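A.B. asks: Got a structure here, written out as structure tokens. Questions coming.
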Ligand SMILES: Cc1cc2nc3c(=O)[nH]c(=O)nc-3n(C[C@H](O)[C@H](O)[C@H](O)COP(=O)(O)O)c2cc1C
Ligand code: SF4
């Protein structure tokens with residue numbers, strides 16, 4: 001993963017843990033309305049993919065265990081990992097693109113309700129993403145995958161009707177300095193990074209038609225979430241995926257769904273409108289979006305504030321803020337692997353690790369979040385904002401609320417390091433919290449599509465009877481029980 005060159009080491013601090021009474025009286029542990037729903041407190045576990053679904057997207061016993069473990073800590077809300085809205089193979093990521101996924105998702109809802117004693121509200125993040133291929137072997141790319149065109153022949157100074165085999169032979173014979181002039185930038189990228197679709201690929205009918213298809217796909221998925229018993233849905237409008245790409249300043253589509261701010265907002269608003277129409281006014285629907293793309297020429301916070309204001313005006317029930325996490329600056333993958341959107345500077349902004357710059361990894365998104373929230377409030381909307389990023393102690397969480405940086409406080413990696421954080425802090429036993437190191441060991445597992453665990457507990461008590469272990473048997477899959 002990319003890191004700021006300063007490499008200043010930052011260590012998570014416990015701060016002042018509250019007594020049970022102080023916690024009970026604190027802003028963090030007061031209820032809050034999210035649309036028609038009330039959260040019992042203002043803590044939130046944002047979406048985190050743990051790589052525990054089946055290869056065809058079903059809930060497994062390991063998925064149930066994973067969310068049960070978070071629910072035992074009784075946060076105010078948990079958001080289930082990014083779950084695919086299409087009925088297409090997408091590896092071991094949860095899916096909600098067909099009714100056959102409903103029984104597993106219902107069991108997931110029941111599991112969380114039971115484990116939290118009905119305390120924790122459960123949302124599900126629903127996502128669409130475009131296709132990305134693995135980085136090919138360069139020889140095979142030139143020999144087999146590259147579509148040979150007249151332009152290649154002309155740039156190679158060959159006859160316009162030269163045999164394809166001869167063109168490929170020439171391409172294989174020239175060096176990179178020449179090749180970069182013969183291939184188009186997208187072909188060069190496909191060869192060195194793996195081909196990746198963009199929302200601006202208007203020559204591809206399925207991309208051109210995204211505005212026709214996505215509102216119905218998102219709406220059908222949201223209806224299934226409602227049928228499965230989730231308390232609400234989070235539309236994934238963040239990071240490197242389809243909807244965030246529509247919002248991005250890099251979206252230059254010329255069909256009314258790109259370019260200026262109204263164009264870039266159009267599909268996200270249409271998707272929300274269709275979802276709202278199908279699930280009704282009382283069903284909580286919000287989105288996860290970026291305060292900033294954190295890439296060259298990407299969306300900046302002022303545009304994001306405008307998007308958030310318009311989402312609030314359209315009737316979204318919450319807005320959860322993240323930042324970065326883009327493909328545009330991702331590291332070149334190894335041959336045979338796909339590019340991963342959290343490996344460049346924008347990925348660092350999304351999940352900053354402990355070696356950082358002077359700003360450090362804690363609360364990097366809070367001042368942009370304050371601007372976004374400020375714009376929503378200035379327009380007269382009360383829509384709650386979820387602030388996330390390096391939050392690990394009670395003082396930080398309280399100051400997010402006091403400073404107007406958010407109305408709800410999200411803890412992702414800290415909740416993974418210690419799913420009992422919420423119960424420990426609430427019960428005045430914060431000193432027992434296992435603080436996250438922010439090394440991103442978990443994130444590296446995610447990147448390799450391996451079961452996500454935390455280095456602070458995954459080797460602990462490996463001989464404990466009945467525990468589930470990773471496929472290689474070397475790691476436990478769940479945090480050990482809290483021995484009070
Ligand atoms: C293993 C892992 C998986 C993640 N998966 C998702 C995801 O499915 N959807 C999403 O919006 N963010 C995802 N994130 C980002 C987190 O929700 C969160 O925004 C980020 O980790 C920063 O918060 P933190 O500093 O509290 O960890 C993931 C993070 C991690 C560590
Ligand atoms: S592996 Fe654990 S300690 Fe390390 S960053 Fe992830 S949650 Fe934090």
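A.B. asks: Does residue 423 satisfy being more than 8 Å from ligand 2 (Cβ to nearest atom), more than 30 Å from residue 343 (Cβ to Cβ) and not in a strand (DSSP E or B)? Step through it out loud before you land on a result.
C.D. replies: On the way: more than 8 Å from ligand 2 (Cβ to nearest atom): yes; more than 30 Å from residue 343 (Cβ to Cβ): yes; not in a strand (DSSP E or B): yes.
Judged against the criteria, residue 423 is a match.
A.B. asks: Taking residue 452, is it within 16 Å of residue 75 (Cβ to Cβ) and either near ligand 2 (Cβ under 10 Å from one of its atoms) or touching a residue at least 12 places away in the same chain (Cβ under 8 Å) (or both)? So that I can check it myself, show each step before the final result.
C.D. replies: Values: within 16 Å of residue 75 (Cβ to Cβ): no; either near ligand 2 (Cβ under 10 Å from one of its atoms) or touching a residue at least 12 places away in the same chain (Cβ under 8 Å) (or both): yes.
No; evaluated as a whole, the condition is false for this residue.
A.B. asks: Still on this structure: Scan region 349-371 and report the pairs whose first residue is more than 26 Å from residue 384 (Cα to Cα) and near ligand 1 (Cβ under 10 Å from one of its atoms) and whose second residue is in a helix (DSSP H, G or I) and modelled with pLDDT of 95 or more, with Cβ atoms within less than 9 Å and a gap of 6+ or a chain change.
C.D. replies: Once the first residue is more than 26 Å from residue 384 (Cα to Cα) and near ligand 1 (Cβ under 10 Å from one of its atoms) and sits in region 349-371, its partners that are in a helix (DSSP H, G or I) and modelled with pLDDT of 95 or more give 353/443.
A.B. asks: Further question: Please state which of the following conditions residue 7 fails to meet, knowing it meets all the rest: (1) modelled with pLDDT of 95 or more; (2) farther than 19 Å from residue 288 by Cα; (3) over 22 Å from the mean Cα position of the chain (by Cα).
C.D. replies: Result: residue 7 fails condition (1) only.
A.B. asks: Can you pull out the residues in region 376-397 that are in contact with a helix residue (DSSP H, G or I) (Cβ under 8 Å, 6 or more places away or on another chain), closer than 19 Å to residue 11 by Cα and more than 16 Å from ligand 2 (Cβ to nearest atom)?
C.D. replies: Listed by number, the residues that qualify are 394, 397.
A.B. asks: What number of residues within region 465-484 are part of a loop (DSSP other than H, G, I, E, B) and away from ligand 1 (no atom under 16 Å from the Cβ)?
C.D. replies: The total comes to 13.
A.B. asks: From (1) away from ligand 2 (no atom under 16 Å from the Cβ); (2) in contact with a helix residue (DSSP H, G or I) (Cβ under 7 Å, 6 or more places away or on another chain), pick out the condition that doesn't hold for residue 365.
C.D. replies: (2)
A.B. asks: Continuing with the same structure: Quick check: anything in region 13-32 in the same structural domain as residue 222 (by TED's automatic domain parsing), crowded, with 17+ Cβ neighbours inside 10 Å and closer than 28 Å to residue 240 by Cα?
C.D. replies: Taking every residue of region 13-32 in turn, none turns out to be in the same structural domain as residue 222 (by TED's automatic domain parsing), crowded, with 17+ Cβ neighbours inside 10 Å and closer than 28 Å to residue 240 by Cα.
A.B. asks: While we're looking at this one, here's another question. Mind listing whichever residues of region 326-348 are within 14 Å of ligand 1 (Cβ to nearest atom), assigned to a loop (DSSP other than H, G, I, E, B) and closer than 14 Å to residue 3 by Cβ?
C.D. replies: Going through region 326-348, the residues within 14 Å of ligand 1 (Cβ to nearest atom) turn out to be 326, 340-343, 346-348.
Retained after the next criterion (residues that are assigned to a loop (DSSP other than H, G, I, E, B)): 326, 340-343.
The answer is 342, 343.
A.B. asks: How about region 377-396: which of its residues are more than 11 Å from ligand 1 (Cβ to nearest atom) and within 15 Å of residue 43 (Cβ to Cβ)? If you could, list the steps in order and put the result at the bottom.
C.D. replies: At the first step, the residues of region 377-396 found to be more than 11 Å from ligand 1 (Cβ to nearest atom) are 377-385, 393-395.
Answer for region 377-396, where residues must be more than 11 Å from ligand 1 (Cβ to nearest atom) and within 15 Å of residue 43 (Cβ to Cβ): 384, 385, 393, 394, 395.
A.B. asks: Criterion first (outside the structural domain of residue 321 (by TED's automatic domain parsing), within 13 Å of ligand 2 (Cβ to nearest atom), touching a strand residue (DSSP E or B) at 6+ places or on another chain (Cβ under 9 Å) and modelled with pLDDT of 95 or more) does residue 457 satisfy it? Lay out the reasoning, then the answer.
C.D. replies: Numbers: outside the structural domain of residue 321 (by TED's automatic domain parsing): yes; within 13 Å of ligand 2 (Cβ to nearest atom): yes; touching a strand residue (DSSP E or B) at 6+ places or on another chain (Cβ under 9 Å): yes; modelled with pLDDT of 95 or more: yes.
For residue 457, the condition - outside the structural domain of residue 321 (by TED's automatic domain parsing), within 13 Å of ligand 2 (Cβ to nearest atom), touching a strand residue (DSSP E or B) at 6+ places or on another chain (Cβ under 9 Å) and modelled with pLDDT of 95 or more - is met.
A.B. asks: Tell me whether region 277-285 contains one or more residues that are closer than 17 Å to residue 413 by Cα and surrounded by 21 or more Cβ atoms within 10 Å (Cβ to Cβ).
C.D. replies: Taking region 277-285 first, the residues closer than 17 Å to residue 413 by Cα are none.
No: zero hits.
A.B. asks: Consider region 399-420. How many of its residues are within 11 Å of ligand 1 (Cβ to nearest atom) and part of a helix (DSSP H, G or I)? Give the steps one after another, and end with the answer.
C.D. replies: So in region 399-420, the residues within 11 Å of ligand 1 (Cβ to nearest atom) come out as 409-417.
After this cut, where a residue has to be part of a helix (DSSP H, G or I) as well, the list is 413-417.
Residues that pass the stated criteria total 5.
A.B. asks: Among (1) without any contact (Cβ under 8 Å) to a residue 60 or more places away in the chain; (2) away from ligand 1 (no atom under 16 Å from the Cβ); (3) touching a strand residue (DSSP E or B) at 6+ places or on another chain (Cβ under 8 Å), there is one condition residue 90 misses while meeting the rest; what is its number?
C.D. replies: (2)
A.B. asks: Follow-up question, since we're still on this one. Out of the residues in region 428-464 that are within 12 Å of ligand 1 (Cβ to nearest atom) and in a helix (DSSP H, G or I), which is nearest to residue 93 (Cα to Cα)?
C.D. replies: Filtering region 428-464 for residues that are within 12 Å of ligand 1 (Cβ to nearest atom) and in a helix (DSSP H, G or I), the one nearest to residue 93 (Cα to Cα) comes out as 446.
A.B. asks: Would you be able to say whether some residue in region 129-145 is surrounded by 13 or more Cβ atoms within 10 Å (Cβ to Cβ) and in contact with a strand residue (DSSP E or B) (Cβ under 6 Å, 6 or more places away or on another chain)?
C.D. replies: Scanning region 129-145, I find at least one residue that is surrounded by 13 or more Cβ atoms within 10 Å (Cβ to Cβ) and in contact with a strand residue (DSSP E or B) (Cβ under 6 Å, 6 or more places away or on another chain), so the answer is yes.
A.B. asks: Next question. Quick check: anything in region 379-392 without any contact (Cβ under 8 Å) to a residue 24 or more places away in the chain, closer than 17 Å to residue 320 by Cα and surrounded by fewer than 24 Cβ atoms within 10 Å (Cβ to Cβ)? Reasoning before the result, please.
C.D. replies: Here is the first cut: in region 379-392, the ones without any contact (Cβ under 8 Å) to a residue 24 or more places away in the chain are 380, 382.
From what is left, the residues that are closer than 17 Å to residue 320 by Cα are 382.
In the following step, the residues that additionally are surrounded by fewer than 24 Cβ atoms within 10 Å (Cβ to Cβ) were identified as 382.
Within region 379-392, one or more residues are without any contact (Cβ under 8 Å) to a residue 24 or more places away in the chain, closer than 17 Å to residue 320 by Cα and surrounded by fewer than 24 Cβ atoms within 10 Å (Cβ to Cβ).
A.B. asks: Going by what's in this entry, would residue 400 be described as away from ligand 2 (no atom under 16 Å from the Cβ) and surrounded by fewer than 20 Cβ atoms within 10 Å (Cβ to Cβ)?
C.D. replies: Taking the combined requirement at face value, the residue does not satisfy it.
A.B. asks: Which numbered condition in (1) within 12 Å of ligand 2 (Cβ to nearest atom); (2) at pLDDT below 95 is the only one that residue 473 fails?
C.D. replies: Result: residue 473 passes all but (1).
The values are calculated or read from the model by the stated rules, or taken from the named source; none is laboratory data. Just so we're clear, the structure is a prediction, and the values are computed from it rather than from any experiment. Counting neighbours? That spans all protein chains shown, and the Cβs are built from the backbone with ideal geometry, glycine included.
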